[in-house]
Amino acid sequence: MSETLEKKPKVEDQEASEPATKKAKTKNGSDADAKEAENNDGTELLTNDDEERYLELGPKKRCTIRQWKKNNMILVDIREFYEKDGKALPGKKGISLTLAQYQSLRAAMLDGSIDGAIAALTNDGDGN
């Protein structure tokens, strides 16, 4: 899996005769990469070379929405990445959630259950 980043252009911004171009992520980064990072509020989905959408969670972590090839199952994959030959590759550390598992997690986030549990731990003095 090679590492190329692209913002999906809005339909009205993209001309029908002009294909979307991908911006390669460089190892050291560029001014354009830095400017893109400044504009990203942390919720923008990017696209990799395999046309999978993903969200950067940190320097080496991302959440990728992918379709598993064997049975076309949609997965929400939260995983660490490592760099090899200038390409970001998925590592062993991570979890792939089925849509049902993701929906359970999302429901717990939306109803405040997870935030409540975090607040309870923070209020107990642990804070970590």
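The values are calculated or read from the model by the stated rules, or taken from the named source; none is laboratory data. Quick caveat, the model's predicted, so the values are computed rather than measured. Please note: Cβ atoms are built from the backbone with ideal geometry, for glycine as well, and neighbour counts cover all protein chains shown. Note: areas computed on protein heavy atoms with side chains; ligands, DNA, RNA excluded. Shrake-Rupley method; radii C 1.70, N 1.55, O 1.52, S 1.80 Å.
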Item to check | Number of positions in the range 49-88 that are assigned to a loop (DSSP other than H, G, I, E, B) and of a type in the set (Gly, Ala, Ser) | outcome: 2
Next on the checklist: Yes or no: the range 94-103 includes at least one residue that is open to solvent by less than 40 Å² (accessible area, probe 1.4 Å) and within 17 Å of Leu45 (Cβ to Cβ).
Outcome noted: yes
